[in-house]
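Below is one structure, written out as structure tokens; the observations come after it.
The values are calculated or read from the model by the stated rules, or taken from the named source; none is laboratory data. Keep in mind the model is a prediction, meaning the values are calculated, not measured. Here the Cβ positions follow ideal geometry from the backbone for every residue, glycine too, while neighbour counts run over all protein chains shown. Remember, those area values only see protein heavy atoms, side chains included, never the ligands or the DNA or RNA. Shrake-Rupley method; radii C 1.70, N 1.55, O 1.52, S 1.80 Å.
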Amino acid sequence: MEAEQQRSVSEPPRPKASPAAPQQTRVTEDALSWAERLPVRINTLPEGQLRLSFLVSVLQPDLERLRVEEIRPLLAAFDSFRPRASPRLRLMLEASGVAGSGREAAPWELRLREDFLSRYGPALLAVPDSLETSRLYLALKLSTRYMDEGFRAAAEELFSSPVFLASLSLSVLVYFAAWLAPEPLFTKAFAAALTVRLSLLVGLVELGRVAMACLRLYREAEAASTPQQLDVAAERFGKSIGGTALRVLVLVASLGVPQVLPKVPEGSLWTLLSPLRHAPAGGQTLESIASAQIVADGTLVVTGVAAGISAASFCGELATCAMMNGAGGASGGSPRLSTRYGKPHTRQNPPHNEAIEQELARRESVGHTDLRKNLAQVNAQGRRVQDPNPVEGIGFRKPDVSSLRPDGVRHNTNYVSNPKDLQRELTAFEAMGRADRKAILELFLLDGTLVRRYVPPGVSFP
């Protein structure tokens with residue numbers, strides 16, 4: 001540890017793989033932190049595409065059970081979306097088969113549809129006039145009686161919420177319907193990002209199984225002409241859904257309702273499927289996704305990608321798709337960036353900006369002063385310092401994070417968002433070291449992986 005802390009700025013970088021040349025890489029895992037995570041093979045394709053190949057994995061036993069306590073905050077948020085006074089679901093039998101009452105959708109349902117479609121894209125299957133009286137809705141409601149005891153109680157509480165059931169029905173008609181294609185393609189940034197995220201969480205094969213179970217339920221429910229046939233469809237679906245699959249359904253349904261999410265404790269949704277089952281190479285993952293396609297050979301091809309942050313921080317917990325270009329929030333605008341310590345580092349890379357803000361907040365909490373965000377490098381006395389041997393004429397550098405420790409030592413930190421920029425960031429690191437040999441210097445990937453650190457002789461560093 002001492003040797004690492006005293007590493008000089010001239011020492012070669014840690015990363016083993018060159019970020020410049022396209023290549024196929026095999027993921028290596030940190031055995032101490034993520035012993036159970038499986039590797040994802042990443043192959044760089046032309047035109048900025050990445051192909052992700054997932055190993056088939058065994059389901060995690062702890063995810064196959066779901067307690068009522070885990071979903072109650074979410075359930076309360078869903079219940080607050082819909083007025084309490086509303087007609088109860090009724091099933092009508094007609095000569096042509098099982099059908100709903102034919103009434104129009106309630107105002108809350110229309111608002112739900114608008115939110116859901118604005119995030120996921122247009123429906124690929126016909127949306128009924130009223131989801132509450134549809135065959136699919138009723139089949140989903142009936143299915144809980146056939147689910148495993150390890151999560152049945154939680155499912156029954158969730159499926160008792162009309163808003164959750166309506167959102168889950170839309171998930172089938174809008175998102176999972178895309179899996180009907182021989183090679184499903186997601187072109188809406190939100191849906192593409194979510195597909196990648198869920199694939200990292202549970203695996204591509206398991207995600208496909210959930211989709212196929214939903215689509216089979218839809219087909220069988222639509223074909224049902226008697227309550228008995230509808231119940232058979234519900235039974236088949238309930239028995240095919242495990243605890244992990246239920247967690248996937250909860251995530252897909254919940255993320256379509258942005259008004260609900262702010263009422264749910266931060267992070268509680270993604271923790272339903274934590275930790276990640278799969279991890280991209282060397283901590284690499286994806287942001288700014290334009291499309292995701294599941295190809296026939298069982299791989300996932302992603303376009304419009306900027307590689308850089310780790311899978312664990314991919315778009316950050318609940319803000320998965322708020323980080324995507326054009327995804328925005330409920331109003332459709334750009335994601336809100338933190339500006340407590342200065343103007344946004346860049347609006348095109350929200351995770352980078354948030355990493356800076358969080359680090360400055362941490363330092364302020366432990367007594368650092370002169371907190372600086374993306375400003376010209378200064379020394380402990382607050383005077384500007386420049387590289388005595390400028391590279392390409394760049395004299396002054398701008399640390400992402402700079403602060404003054406309580407002992408009077410300047411502490412500068414930079415982050416690397418894209419591995420392709422690693423050499424440039426290392427050059428900046430060395431330049432900052434030449435400009436101020438009395439300052440602590442650090443260079444991290446956005447997932448917290450240390451790339452380089454320099455601690456001046458005689459300076460303590462925890």
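Scanning region 283-299 for residues that are at pLDDT 50 or above, in contact with a strand residue (DSSP E or B) (Cβ under 8 Å, 6 or more places away or on another chain) and in a loop (DSSP other than H, G, I, E, B) gives 288, 289, 290, 295, 298.
Just a yes or no: is a residue in region 377-388 among the small types (Gly, Ala, Ser) and buried (at least 21 other Cβ atoms within 10 Å of the Cβ)? No, the conditions are met nowhere in region 377-388. Regarding residue 201, is this residue of a type outside the set (S, T, N, Q), without any contact (Cβ under 8 Å) to a residue 60 or more places away in the chain and open to solvent by less than 50 Å² (accessible area, probe 1.4 Å)? It is false that residue 201 is of a type outside the set (S, T, N, Q), without any contact (Cβ under 8 Å) to a residue 60 or more places away in the chain and open to solvent by less than 50 Å² (accessible area, probe 1.4 Å). No other residue among 266, 235 is at pLDDT below 95 and out of contact with any strand residue (DSSP E or B) (no Cβ under 6 Å at 6 or more places or on another chain) apart from 266.
Can you pull out every residue in region 76-121 that is of a type in the set (S, T, N, Q) and at pLDDT 50 or above? Don't jump to the end; show me each part of the working.
Kept after step one, since they are of a type in the set (S, T, N, Q), are these residues of region 76-121: 80, 86, 96, 101, 118.
The answer is 80, 118.
Contact annotation: residue pairs with Cβ atoms under 7 Å, 6 or more positions apart or on different chains, pairing a residue in region 215-235 that is free of Cβ contacts under 8 Å to residues at least 60 places away in the same chain with a partner that is open to solvent by 40 Å² or more (accessible area, probe 1.4 Å) and part of a helix (DSSP H, G or I), are 215/180.
Counting only helices (runs of 4 or more DSSP H) that fall entirely inside region 128-239 and contain at least 2 residues that are within 24 Å of the chain's Cα centre (by Cα), the qualifying elements are 152-158, 162-170, 189-202, 204-223. Residues that are part of a strand (DSSP E or B), of a type in the set (S, T, N, Q) and at pLDDT 85 or above: does region 300-313 have at least one? The answer is no, given that none of the residues of region 300-313 is part of a strand (DSSP E or B), of a type in the set (S, T, N, Q) and at pLDDT 85 or above. Cβ-Cβ distances below 8 Å connect the following pairs, each with a first residue in region 147-171 that is touching a residue at least 60 places away in the same chain (Cβ under 8 Å), a second residue that is open to solvent by 10 Å² or more (accessible area, probe 1.4 Å) and of a type in the set (S, T, N, Q), and a separation of six or more residues or different chains: 155/144; 162/86. The set of residues in region 367-381 being closer than 14 Å to residue 411 by Cβ and either free of Cβ contacts under 8 Å to residues at least 24 places away in the same chain or of a type in the set (Gly, Ala, Ser) (or both) consists of 367, 380.
Restricting attention to region 119-144, the residues that are out of contact with any Lys or Arg (no Cβ under 8 Å at 6 or more places or on another chain) and closer than 14 Å to residue 238 by Cα add up to 8. Just so you know, in region 34-70 the residues that are in a loop (DSSP other than H, G, I, E, B) and buried (at least 17 other Cβ atoms within 10 Å of the Cβ) include one that is modelled with the highest pLDDT, and it is 66. Residue 146 is checked against (1) closer than 30 Å to residue 291 by Cα; (2) among the aromatic types (Phe, Trp, Tyr); (3) open to solvent by 30 Å² or more (accessible area, probe 1.4 Å) and fails just one. What number does that condition carry? With (1) closer than 30 Å to residue 291 by Cα; (2) among the aromatic types (Phe, Trp, Tyr); (3) open to solvent by 30 Å² or more (accessible area, probe 1.4 Å) applied to residue 146, the lone miss is (1).
For beta carbons closer than 7 Å, sequence separation of 6+ or different chains, a first residue in region 408-425 that is among the acidic types (Asp, Glu) and a second that is surrounded by 14 or more Cβ atoms within 10 Å (Cβ to Cβ) and not in a helix (DSSP H, G or I), the qualifying pairs are 425/414; 425/416; 425/443. Considering only residues in region 104-143 that are in contact with a Phe, Trp or Tyr (Cβ under 8 Å, 6 or more places away or on another chain) and surrounded by 22 or more Cβ atoms within 10 Å (Cβ to Cβ), the one that is nearest to residue 240 (Cα to Cα) turns out to be 143.
Is there any pair with a first residue in region 60-79 that is farther than 15 Å from residue 251 by Cα and among the basic types (Lys, Arg) and a second that is outside any loop (DSSP other than H, G, I, E, B) and open to solvent by 20 Å² or more (accessible area, probe 1.4 Å) whose Cβ atoms are under 9 Å apart and which are 6 or more apart or on different chains, and what are they? Within 9 Å, the pairs are 67/153. What about residue 177, is it under 30 Å from residue 291 (Cα atoms), among the hydrophobic types (A, V, I, L, M, F, W, C), open to solvent by 10 Å² or more (accessible area, probe 1.4 Å) and in contact with a Cys (Cβ under 9 Å, 6 or more places away or on another chain)? Criteria not met by residue 177.
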